[in-house]
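The values are calculated or read from the model by the stated rules, or taken from the named source; none is laboratory data. Keep in mind the model is a prediction, meaning the values are calculated, not measured. No Cβ is skipped: glycine too gets one built from the backbone with ideal geometry, and neighbour counts run over all protein chains shown.
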Amino acid sequence: MQTLQFLDQEQVRRLPSTSAASRASALLTIDLDAIAENYRFLQEQARSAICAAVVKADAYGLGAGEIAPALIRAGCQHFFVAHLEEGIALRRILGAGAAIAVLHGPLAGTEADFIIHDLVPVLNSLDQISRWAATAMPGGTRLPAILQVDTGMARFGLSEADVDVLIDNHQQLDALDLRLVMSHLACADEPDHPANAMQLALFQQMGRLLPCRRMSLAASSGIFLGPEYHFKLVRPGAALYGIAPQADRPNPMRPVVRLQGKVVQVRDVPANTPVGYGHTARTTSPSRLATVAVGYADGFVRSLSGRGGAWFNGSHLPILGRVSMDSIILDATALPAGSLLPGALVDLIDPGQDLDALARKAGTIGYELLTSLGSRYHRQYIHS
Ligand SMILES: *Cc1c(COP(=O)(O)O)cnc(C)c1O
């Protein structure tokens, strides 16, 4: 269908144009000042350590292209990503200078890419170590590396037996410019979990065997376990983006994200009207329903069907029925007629319904909600 064939060039030129923000069906606002403040707060908590920033998965879905430079302005000089490709993209964003470490280390054949893009691999296995050492040896230069040891997660890093093998292999160790020995805590968001102290003790023990005194154990939650967990460098991700570092304590971080969806349609319906796919909900009295343009394709996960809600002018509007791909249906009966109109924005994530609270309703964690946010939002970054 070609609409334009009915209009001449002059008529088309006179049509009013809109901004991306006004066209958008939903807005995602990311507060870079709050991220910078969270960074400084975490650095203050771990005063004796260097505070790095984890910006994997496009800075937890919020946009590494904006966030990493904001973190540099806040004083951050050390970054972690998970994949090599993320490291290459981040190096392009940051230019020369800041240190970028790649958590997954070099997969076979990718060693040269680390050198070309000035990325430090986290070496997680004897195989990765021997390939990285072999890359270094011909030129006689030592190559920078971070060594990960597994202290109780069975995910990444050398076992105790692997460490024994490594320390007998002087030739390999001599090829490495060891910047850091690191490990990762499995249960740090539960301060009383016995695994924390066990991992700490094993990390200290393994660290004594290795020829590098610079060590790193804590991510966001680990920072709040106390100074003995801080070592030389801490590696927060989630807390920078406002996620609560400890499950059962008040969240000390500043909220970073506001998510607003636009109302597309408002309708008044009688009692006993079935609502949405599968007719899983039904109105119990005459009701006012508002259809909002955010759905599971936008990361507003389907498990929020009949569970979450939105806020408008201080009123809570519950989700009725299932979350669709592109929309949700809100019960707006509590609002006076005419107060909620198509085009209005309702709040889905904001200080009144923070990320962690919404995640709990969805049966997941803030990490997963953030990294699931879709690409259809109009994103705006605010900073002073
Ligand atoms: C993701 C990750 C982090 C950051 O964890 P948060 O809980 O988001 O602070 C730190 N270290 C490693 C090894 C990670 O995989």
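Name the pairs whose Cβ atoms lie under 9 Å apart, with the first residue in the stretch 258-276 and at pLDDT 95 or above, the second of a type in the set (Phe, Trp, Tyr) and part of a strand (DSSP E or B), and 6 or more positions between them or separate chains?
Val263/Phe312
In the stretch 292-310, is there at least one residue being of a type outside the set (S, T, N, Q), assigned to a loop (DSSP other than H, G, I, E, B), assigned by TED's automatic domain parsing to the domain that holds Ala359 and surrounded by fewer than 13 Cβ atoms within 10 Å (Cβ to Cβ)?
No: the stretch 292-310 contains no residue that is of a type outside the set (S, T, N, Q), assigned to a loop (DSSP other than H, G, I, E, B), assigned by TED's automatic domain parsing to the domain that holds Ala359 and surrounded by fewer than 13 Cβ atoms within 10 Å (Cβ to Cβ).
Restricting attention to the stretch 82-93, does a residue exist that is surrounded by fewer than 18 Cβ atoms within 10 Å (Cβ to Cβ), within 13 Å of the ligand (Cβ to nearest atom) and modelled with pLDDT of 95 or more?
yes
How many residues, within the stretch 32-54, are surrounded by fewer than 19 Cβ atoms within 10 Å (Cβ to Cβ) and not polar (S, T, N, Q)?
Adding up the residues that qualify gives 6.
List pairs: first residue in the stretch 188-215 and of a type in the set (Asp, Glu), second residue within 15 Å of the ligand (Cβ to nearest atom) and in a helix (DSSP H, G or I) anywhere in the structure, Cβ distance under 6 angstrom, at least six positions apart or on different chains.
Note: pairs meeting the criteria are Asp189/Ser221.
For the stretch 97-152, which residues satisfy the criterion of being under 14 Å from Gln172 (Cβ atoms), assigned to a loop (DSSP other than H, G, I, E, B) and either within 15 Å of the ligand (Cβ to nearest atom) or not assigned by TED's automatic domain parsing to the domain that holds Gly207 (or both)?
Ser125 - this is the single residue of the stretch 97-152 that is under 14 Å from Gln172 (Cβ atoms), assigned to a loop (DSSP other than H, G, I, E, B) and either within 15 Å of the ligand (Cβ to nearest atom) or not assigned by TED's automatic domain parsing to the domain that holds Gly207 (or both).
Quick check on the stretch 365-384: of everything there that is farther than 14 Å from Tyr296 by Cα and of a type in the set (Ser, Thr, Tyr), which residue is modelled with the lowest pLDDT?
Residue satisfying both the conditions and the ranking: Ser384.
Restricting the stretch 186-224 to residues that are within 15 Å of the ligand (Cβ to nearest atom) and touching a Ser or Thr at 6+ places or on another chain (Cβ under 7 Å), which is nearest to Val54 (Cα to Cα)?
The residue in question is Leu217.
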